[in-house]
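Notes for the one structure printed next.
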Amino acid sequence: MEHHLLGIHHVTAITSSAEKIYDFFTYVLGLRLVKKTINQDDIHTYHLFFADDKGSAGTDMTFFDFKGIQKGMHGNNEITRTSFRVPNDAAIDYFVKRFIHYKVNYQPVKEVFGKKVLEFEDFDGQLYALYSDEKNVGVKSGTPWLKGPVPNEFSITGLGPIYLTVKNLELMDYVLVDILGMRKTGKESNLHLYEMGEGGNGGSVILVHNSLIIDGYQGYGTVHHVAFRVSDTNALKSWITKLTSLKIPHSGYVDRFYFESLYSRIYPQILFEFATDGPGFIDDEESYEVLGEKLALPPRFRNHRDYVEKIVRPIDTVRSTKVFEKEYF
């Protein structure tokens, strides 16, 4: 159980604009900004966390806005697409209408591994999908953003399968199964489905095998890393011990305050993170009602708040004083 991954924890991507990604996730996708903070390794850079109503583990996608970074390119050996969970097939149909209304680029609805799926992208060409939970069994999802613009019965409630495009299928299969303990549960054409924990949409990785395309590279519009859920500090430390015993390079223990982490490129070019479920985003700085509205700083940066606020431009993310009308189409 110490080496038991519980599911997807979060995905971190790169955006060309913190302001525009805030608008897209808040007003179009209807996810809640639960933490507005800084990249703890580069304090000039925002780190925005979008999640369910309470900021539950397994529901958040986060973004860096590195200054001056080039546009990324999708290709081989990268985390290609992030998906989100919606409650049922009717929610997929709802989001088609919503995307038409907001002029979001999307693809025709299709079925993948028995689930209704809607693929789309944002202004940077970042790739996403919505997965219906109607026929899903497995990892429990989160809670809709109750005060957001999307009707609760159609809202995004968490992260779904994460797509990895790889050249060396055998090596990644070894990484996922033999090292990370996932199980292969399906294959459709060049798509290979792997599950962890209780499985289902919240515990799945989909490998896209393509040996012909060139390697992608990171920049805005691409994913930086994916994190998998572990239960607590002891579980995280057991992964440190395991990776060390296998002579796999890793970051060692990293305290991110909102969760604890470990990072490793077990497969070339793809960064995996292991992250604890807690303590979470509701903390001494922000209550549930005002999550994401102030520039939040982990304790080691708080004595330098005046300096940080001078170098990080302000973004208005106050929503507790606003009323979002639920939008039906």
note = Scanning region 287-329 for residues that are of a type in the set (D, E, K, R) and in contact (Cβ under 8 Å) with a residue 60 or more places away in the chain, the one nearest to Val34 (Cα to Cα) turns out to be Glu293
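Could you grab me the full set of residues in region 32-50 that are among the hydrophobic types (A, V, I, L, M, F, W, C) and in contact with a strand residue (DSSP E or B) (Cβ under 9 Å, 6 or more places away or on another chain)?
Taking region 32-50 as the starting set, the residues that turn out to be among the hydrophobic types (A, V, I, L, M, F, W, C) are 33-34, 38, 43, 48-50.
The answer is Leu33, Val34, Ile38, Leu48, Phe49, Phe50.
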note = Looking across region 8-48 at residues that are at pLDDT below 95 and of a type in the set (A, V, I, L, M), the single one that is nearest to Met182 (Cα to Cα) is Ile38
inquiry  = One residue is enough: does region 86-105 have a residue meeting the conditions under 25 Å from Leu5 (Cα atoms), surrounded by 18 or more Cβ atoms within 10 Å (Cβ to Cβ), in contact (Cβ under 8 Å) with a residue 24 or more places away in the chain and β-branched (Val, Ile, Thr)?
reply    = yes
task = Could you list, in sequence order, all residues of region 277-286 that are within 16 Å of Ile38 (Cβ to Cβ) and not acidic (Asp, Glu)?
result = Phe281
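Residue by residue through region 298-319, note down the ones that are of a type outside the set (D, E, K, R) and in a helix (DSSP H, G or I). I'd like the intermediate steps shown before the answer.
Filtering region 298-319 for residues of a type outside the set (D, E, K, R) gives 298-299, 301, 303-304, 307-308, 311-312, 314-315, 317-318.
Result: Pro299, Phe301, Asn303, His304, Tyr307, Val308, Ile311.
The values are calculated or read from the model by the stated rules, or taken from the named source; none is laboratory data. Remember, it's a predicted structure, so these values are computed and weren't measured experimentally. Heads up, the Cβs are rebuilt from the backbone with ideal geometry, glycines too, and the neighbour counts pull from every protein chain shown.
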